[in-house]
Every structure is written in C-alpha cells, then in structure tokens.
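The values are calculated or read from the model by the stated rules, or taken from the named source; none is laboratory data. On a predicted model such as this, the values are computed, not experimentally measured, just so you know. Surface areas here come from the heavy atoms of the whole protein model, side chains and all, with no ligands, DNA or RNA. Shrake-Rupley method; radii C 1.70, N 1.55, O 1.52, S 1.80 Å.
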Amino acid sequence: MTKLLQWLFGVSVVGSVWALVTFDLLELSLPRSYREVAWPMPLYLLVSFGCYSLATVGYRVATFNDCEEAAKELQGQIREAREDLRRKGLKM
C-alpha cells in the first residue's frame with residue numbers, strides 16, 4: 001500500500017466517523033454536546049496538522065547539517081570554471 005493510499009484510507013475513516021456522529025446517521029441518540037463538538041472537528045484537525053507541519057519544517061531547518069567539505073569543493077570548482085572561461089576569452 002502506498003503512502004497516498006494510507007493517507008486516503010485514514011482520511012476516509014475519520015471523515016466517515018465524523019459524518020456518522022455529526023449527522024447522527026446511525027440514530028445513536030448521542031447527546032447534543034457530542035454533535036456540537038464534532039461539527040468543527042475537521043477545522044481543528046486541519047489547524048493542528050498545519051501547526052505540526054510548521055513545527056516539523058522549522059525543526060528540520062534548525063537542525064540542518066552544514067557540509068563544509070562540499071562547500072569548499074564547490075567553491076574550488078567555481079574557481080576552476082572561472083579560470084577556464086578566462087582562458088577561453090570570457091571577461092567577467
């Protein structure tokens with residue numbers, strides 16, 4: 001099962017449970033307070049997911065590893081390319 005199918009399955013299960021509770025489709029006679037809490041639940045979940053995503057991206061950016069060796073190698077390649085272009089007559 002691909003990750004997309006896992007997410008779609010999870011969202012469809014949560015959506016089905018939400019619809020059953022909100023619209024009382026099984027006639028469970030749930031208290032009104034349950035339905036009042038369930039009605040805005042998709043919005044709460046969306047905001048929670050956004051906060052989690054923002055925190056994850058922020059953490060990954062903060063702990064991103066610097067590759068000093070790769071940076072030095074790249075700078076050396078840039079110098080070589082500039083020297084090669086100067087030898088070929090390009091003025092920068």
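The distance separating the Cα centre of region 52-76 from that of region 26-47 comes to 42 Å.
Taking all protein chains together, ARG87, ARG79 sort by accessible area into ARG87, ARG79, largest first [probe 1.4 Å]. On a per residue basis, the chain carries 93 Å² of accessible surface, using protein heavy atoms and a 1.4 Å probe.
Any idea what angle helix 68-87 forms with the longest principal axis of the chain, computed on alpha-carbon atoms, 0 to 90 degrees, nearest 10? That helix lies at roughly 50 degrees to the long axis.
Using helices alone, I'd like the mean residue ellipticity at 222 nm for the chain: each DSSP H run of four-plus residues gives -39500 (n - 2.57), total over residue count, nearest 500. Before the final figure, lay out the partial values.
Working: 4 runs with 70 residues, N = 92.
Calculated from helices alone, the mean residue ellipticity at 222 nm is -25500 deg cm²/dmol.
A probe of 1.4 angstrom, applied to the heavy atoms of all protein chains, finds PHE9 with accessible area near 130 square angstrom.
Its Cα gyration tensor gives the chain an equivalent ellipsoid. The semi-axes, each the square root of 5 times an eigenvalue, are 58, 15, 12 Å from largest down.
Against the main long axis of the alpha-carbon atoms of the chain, helix 41-62 sits at an angle near 20°.
How many percent of the accessible area of the chain is carbon or sulfur, using a 1.4 Å probe? The computed percentage sits at 65.
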